[in-house]
Amino acid sequence: MPERPSITAFFPAYNDAGTIASMVIAAVNTLEELTDDYEVIVVENGSTDYTVEILESLARRCERLRVLSHSEPLGYGGALRVGFANATKDLIFYTDGDAQYDPHELRLLAQALRDDIDVVNGWKIHRNDPFHRIIIGRLYHHIVKLLFDFKLRDVDCDFRLIRRDALEVIDLESDSGTICLELVKKMQDAEFTFAEVPVHHYHRTYGKSQFFNFPRLWRTGVQLLDLWWKLAIRRSHMRSIAQRRRALIQKRASSQSWP
Ligand SMILES: Nc1nc2c(ncn2[C@@H]2O[C@H](COP(=O)(O)OP(=O)(O)O)[C@@H](O)[C@H]2O)c(=O)[nH]1
Ligand SMILES: [Mg+2]
């Protein structure tokens, strides 16, 4: 891997008009410090505020920005899958378009990416969400840790830097927020190495959470059990992971630029 690897930064955005412009600009400024070869992608679908207008205006001014607008509902998982599929650089960084994380802290992720690390995952120093959400979030954390045997400190932290070749070893299927569990579980099962760095988490200053309402909580519970059945019990994903991981190890070993 070159000393300054190329980076794709992407954000899922749904009704994030109040935050998405600053996210893109903060990402561009940080990427310019870290690499000469980067792109920024925003995956938007069906926003009813002025997100699309802001993004179109930004894209006219910033040639490195690609806006992928979809009219069909993607869901959070669908939006992440579109971002991953369209990323073209060696490293992929993503975080949410609602500015609850700060793209400047991509620097911290990049510093922690040693040659033997495949994923650098943030962990929230202090979660800035409403009190009831913090309590339910803690409960969720312990339940999923037990169900999926997660080694990571904060699986739910959507602030990650991932090597694209490692990501290509796994297939992601989730359409909803459970995609984070699927991503981390499959990367863990593929024996990729993780580093973890503390990152700040901020109050949502604009719009409202797509996840946190009670019908959704129920649906998330059902999706969680479905994922647990597939990934922790049936484990049919392991066959393709093992084959593709072997191929990746060979590819990395034969690649001259790989240390
Ligand atoms: N494109 C797209 N983005 C989404 C969708 N659902 C959520 N997002 C974005 O993903 C980010 C995280 O969603 P949010 O509702 O804040 O989740 P929370 O942080 O867990 O409360 C936000 O920036 C949302 O705009 C979706 O269906 N499509
Ligand atoms: Mg949020």
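Annotation for the stretch 167-259: trypsin sites (Lys or Arg not before Pro) lying in DSSP loop with at most 10 further Cβ atoms inside 10 Å of their Cβ are Lys208. Kindly state, to the nearest 0.05, the FRET efficiency for Asn128 paired with Glu173, given R0 = 30 Å and r defined as their beta-carbon distance. The calculated FRET efficiency here is 0.45. If you model the chain as an ellipsoid using its alpha carbon gyration tensor, with each semi-axis the square root of five times an eigenvalue, the axes come out at 26, 25, 17 Å, biggest first.
If R0 equals 22 Å, the separation of the Cβ atoms of Ser236 and Glu191 corresponds to a calculated FRET efficiency of about 0.80. Of Lys186/Lys251; Lys208/Lys230; Lys124/Lys251; Lys124/Lys145, which sit over 28 Å apart, Cα to Cα? In this structure, Lys208/Lys230; Lys124/Lys251 lie more than 28 Å apart at Cα. Distance between the 7 Å Cα→Cβ label points at Ser254 and Thr88: 2.5 nm. Normalised by the number of residues in the chain, the average gap of Cα pairs under 8 Å and 6 or more apart makes the relative contact order 23 percent.
The numbers here are math on the coordinates, done by the rules we state, and not lab data. The structure presented is a predicted model; accordingly, all values stated were derived computationally and were not measured. Neighbour counts run over all protein chains shown; Cβ positions are idealised from the backbone, glycine included.
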